[in-house]
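Only one structure is covered here, and it is reproduced in the block below.
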Amino acid sequence: MTPPAARIVRRRPDVRVRWVGDLGALVEPDGTEHMVNATALALWELCDGKTRPDEMIEAICVLFDASRETVVRDIERTLAEFGRARLIEWHPSGAAPA
Amino acid sequence: MGELTMVADAVAAPFDERPCRVLVVDTARTRAEALAHLLVTRYGFDVQGCGVADLGSSAHLVAATVVVVDVQGRGPDLHEVVAVVRAKWAAAQVLLLGQSRTHGDGTSELEGVRSLRRDATADEVADAIRRAHRQARKDRDGRSAERSTECVPPSPTARLTSREMCVLGLLAEGRSNDDIARDLGVTASTARTHVRNLMRKLGASSRLQAVAIARRNGVGVEPLGGASAERPSSAVRGPLRVLVDLEDPLLRSALEAVLQGQPDLEVVAELGPAAVSRIASGEMSVDVLLVDDLPSATASAALRLGSGEARTKVVLLSDGTDPAALMAALAAGVNGFLSNECGLAELVHAVRSVDCGRTHVPAGMLGGLLRVLIEVRRHDDAVVEQFSRLSRRENEVLVHLVNGADLPTIAEQLFISPDTARTHIRNILAKTEAHSRLEVVALATRYELVGASRQPHGSVTVRP
């Protein structure tokens, strides 16, 4: 399996983001809502087919002054949950569709 | 008349058999909620606050007798806001804050609307509300009772049963109906019924909205903004000392009242040059400084004290959600950034959060900020990578350039001809994509690429 750092991730284009206060929801076309916190939603916005997971990790480490170990674990878990819900697609680095 | 007497008047001598229900509408939601909080806690009014953008929300359909409108800056047109208010609260008196064109008798250019100066004190606002309420009572007495206004209790959560409040708490934790049924030991059908009922009572169209309404009303959030799990209790460390340094005196006193009402917070009342010098000298201990402008004197004093846990943390209450302002604030060393649309719970949470060493950024700005950080990082890596292409000789020339040597000096020091030195410099500019010697020197200095081992993944710096 290709390590996540060498792959890029792209969010499903038909999923909308809805904000209510500091809470967010990823809304599928059939109306299914996935409630997420602000950091997870920011992560979702970074799933643009260009940003690598290691870049996400670095940025979050800098912003939150958190340990790399914790950030890696949280991001891996969040992306895995996005993947299980079929909200994102993984692509080999440089091969994401436009 | 002192303030204490005013409070006693308000509490002990209600001026109407009907409650004085006040709606505060402000361009900035934070100011509306803070002023509402002050009017409740200090004067005993029944008040709700909302931003202009939230005027249409069902959560704000109070049977208001007085509507306080404060529309400032680049907000919507005042006349439009007043028209909306009059359409929704036909029987209410409208009181404008901060309108410059006020007649001598207190009325404004808008017909039938009373007005107060922008710098009115809280006592003056409270007095004006009382007068407006008396007028509203007189007006109502002359009208048909059939003209009812939309009447929803000020706090929608007050109508929930204890079981529904419990369900709401579980919803806020992101639990599904099945989870809720399991946790409460009821059937899934019963859990669904509870959820449906509480949504109806809250006027929410979705579970998410129900949770948001609950949060706005403090359900499951006690004390306001959530208690800090990391900060030692106030009994051990003492209260968290907050200094509110805002230009707007009414907002300052309102937010001071909000913060002072939290059990673990203590508001530092001192302001002005004396406070600045005492903070700068470390004589006055302030844990968190809330400012609305950078650079303010107090913020600069706090930020000059260096880094580390002991340093006073600075939270900026900005007048918008400009990403450039956010980046500039973080680059200046600010620990927390709030927009004037934030709720009071978020404001209090931010104060506690930065005190624990975290960075607070509005949820909606997080994605954009991370993207900027990543772009900055990519740019930094690209610069370092370009400099890594320099040959050993080119690096030697670069060292001399950084030291300020001219072409003949470089040639002499390296025992090469001036033409060869010129060729090296041209190659350096080409490889680093710099446009001038000055630019290449600036880059090499900024990224510490001269005489140091190269680190393609050096620390990311935040730049405006």
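Would you point out which residue out of A:GLU33, A:GLU28, A:GLU45, A:GLU76 is out of contact with any Cys (no Cβ under 7 Å at 6 or more places or on another chain), within 13 Å of B:ARG371 (Cα to Cα) and not aromatic (Phe, Trp, Tyr)?
Working: A:GLU33 fails: within 13 Å of B:ARG371 (Cα to Cα); A:GLU28 fails: within 13 Å of B:ARG371 (Cα to Cα); A:GLU76 fails: within 13 Å of B:ARG371 (Cα to Cα).
One residue alone meets the criteria, A:GLU45.
Can A:MET56 be described as within 12 Å of chain B (Cβ to nearest Cβ), crowded, with 17+ Cβ neighbours inside 10 Å and in a strand (DSSP E or B)? Spell out how you get there, then give the answer.
Numbers: within 12 Å of chain B (Cβ to nearest Cβ): yes; crowded, with 17+ Cβ neighbours inside 10 Å: yes; in a strand (DSSP E or B): no.
Considered against the rule, which asks whether it is within 12 Å of chain B (Cβ to nearest Cβ), crowded, with 17+ Cβ neighbours inside 10 Å and in a strand (DSSP E or B), A:MET56 comes out as no.
So, in segment B:327-356, exactly how many residues are under 25 Å from A:LEU46 (Cα atoms), facing chain A (nearest Cβ under 9 Å) and either within 13 Å of the chain's Cα centre (by Cα) or surrounded by fewer than 21 Cβ atoms within 10 Å (Cβ to Cβ) (or both)?
2
Name the one entry in B:VAL402, B:VAL334, B:VAL397, B:VAL376 that is touching a residue at least 60 places away in the same chain (Cβ under 8 Å) and not aromatic (Phe, Trp, Tyr).
Numbers: B:VAL402 fails: touching a residue at least 60 places away in the same chain (Cβ under 8 Å); B:VAL334 fails: touching a residue at least 60 places away in the same chain (Cβ under 8 Å); B:VAL397 fails: touching a residue at least 60 places away in the same chain (Cβ under 8 Å).
Going through B:VAL402, B:VAL334, B:VAL397, B:VAL376 in turn, just one is touching a residue at least 60 places away in the same chain (Cβ under 8 Å) and not aromatic (Phe, Trp, Tyr): B:VAL376.
Could you please find all residues in segment B:92-118 being assigned to a loop (DSSP other than H, G, I, E, B) and modelled with pLDDT of 80 or more? Lay out the reasoning, then the answer.
Taking segment B:92-118 as the starting set, the residues that turn out to be assigned to a loop (DSSP other than H, G, I, E, B) are B:92, B:98-101, B:103-106, B:109-113, B:117-118.
Once the filter is applied, which keeps residues that are assigned to a loop (DSSP other than H, G, I, E, B) and modelled with pLDDT of 80 or more, segment B:92-118 yields B:ALA92, B:ARG117.
If a residue has to be more than 13 Å from B:ARG377 (Cβ to Cβ), at the interface with chain B (Cβ under 10 Å from one of its Cβ atoms) and either surrounded by 15 or more Cβ atoms within 10 Å (Cβ to Cβ) or of a type in the set (A, V, I, L, M, F, W, C) (or both) to count, how many in segment A:59-82 make the cut?
Going through segment A:59-82, the residues more than 13 Å from B:ARG377 (Cβ to Cβ) turn out to be A:64-82.
Among the residues that remain, those that are also at the interface with chain B (Cβ under 10 Å from one of its Cβ atoms) are: A:64-66.
Of the ones still in play, those that are also either surrounded by 15 or more Cβ atoms within 10 Å (Cβ to Cβ) or of a type in the set (A, V, I, L, M, F, W, C) (or both) are A:64, A:66.
Count: 2.
Among what's in segment A:15-41 and is among the polar types (S, T, N, Q) and facing chain B (nearest Cβ under 10 Å), pick the residue that is nearest to A:VAL62 (Cα to Cα).
Going residue by residue through segment A:15-41, those that are among the polar types (S, T, N, Q) are A:32, A:37, A:39.
So of that shortlist, the ones also facing chain B (nearest Cβ under 10 Å) come out as A:37, A:39.
Values: A:ASN37: 19, A:THR39: 14 Å.
Residue satisfying both the conditions and the ranking: A:THR39.
Within the set of pairs 6+ apart or on separate chains, which have a first residue in segment A:5-26 that is on the phi > 0 side of the Ramachandran plot, a second that is modelled with pLDDT under 85, and C-beta atoms under 6 Å apart?
Matching pairs, first to second residue: A:GLY21/B:ALA212.
Out of everything in segment B:42-56 that is part of a loop (DSSP other than H, G, I, E, B) and more than 17 Å from B:HIS133 (Cβ to Cβ), what residue ends up being modelled with the lowest pLDDT? Break it down into steps so the answer makes sense when it comes.
Just the residues of segment B:42-56 that are part of a loop (DSSP other than H, G, I, E, B), to begin with: B:44-45, B:55-56.
Restricting the remaining residues to those that are more than 17 Å from B:HIS133 (Cβ to Cβ) gives B:55-56.
Details: B:LEU55: 77, B:GLY56: 71.
The selected residue is B:GLY56.
For segment A:22-53, which positions are more than 14 Å from the chain's Cα centre (by Cα) and surrounded by fewer than 20 Cβ atoms within 10 Å (Cβ to Cβ)? Before you say what the answer is, go through the steps one by one.
Here is the first cut: in segment A:22-53, the ones more than 14 Å from the chain's Cα centre (by Cα) are A:22-23, A:27-33.
A:ASP22, A:VAL27, A:GLU28, A:PRO29, A:ASP30, A:GLY31, A:THR32, A:GLU33 - these are the residues of segment A:22-53 that are more than 14 Å from the chain's Cα centre (by Cα) and surrounded by fewer than 20 Cβ atoms within 10 Å (Cβ to Cβ).
Looking at (1) within 12 Å of chain B (Cβ to nearest Cβ); (2) surrounded by fewer than 21 Cβ atoms within 10 Å (Cβ to Cβ), find the lone condition where A:ARG10 falls short.
(1)
Looking at B:LEU449, B:LEU429 in this structure, which one is surrounded by fewer than 17 Cβ atoms within 10 Å (Cβ to Cβ), more than 28 Å from A:LEU46 (Cα to Cα) and touching a helix residue (DSSP H, G or I) at 6+ places or on another chain (Cβ under 7 Å)?
Numbers: B:LEU449 fails: surrounded by fewer than 17 Cβ atoms within 10 Å (Cβ to Cβ).
After applying the criteria, what remains is B:LEU429.
Being of a type in the set (Lys, Arg) and at pLDDT 90 or above narrows it down to one of A:ARG52, A:ARG11, A:ARG18, A:ARG7, so name that one. Spell out how you get there, then give the answer.
Numbers: A:ARG52 fails: at pLDDT 90 or above; A:ARG18 fails: at pLDDT 90 or above; A:ARG7 fails: at pLDDT 90 or above.
Selected residue: A:ARG11, the only one of A:ARG52, A:ARG11, A:ARG18, A:ARG7 that is of a type in the set (Lys, Arg) and at pLDDT 90 or above.
The values are calculated or read from the model by the stated rules, or taken from the named source; none is laboratory data. Model, not experiment: these values are computed from the prediction. So basically every Cβ, Gly included, is an ideal-geometry build from the backbone, and we count neighbours across all protein chains shown.
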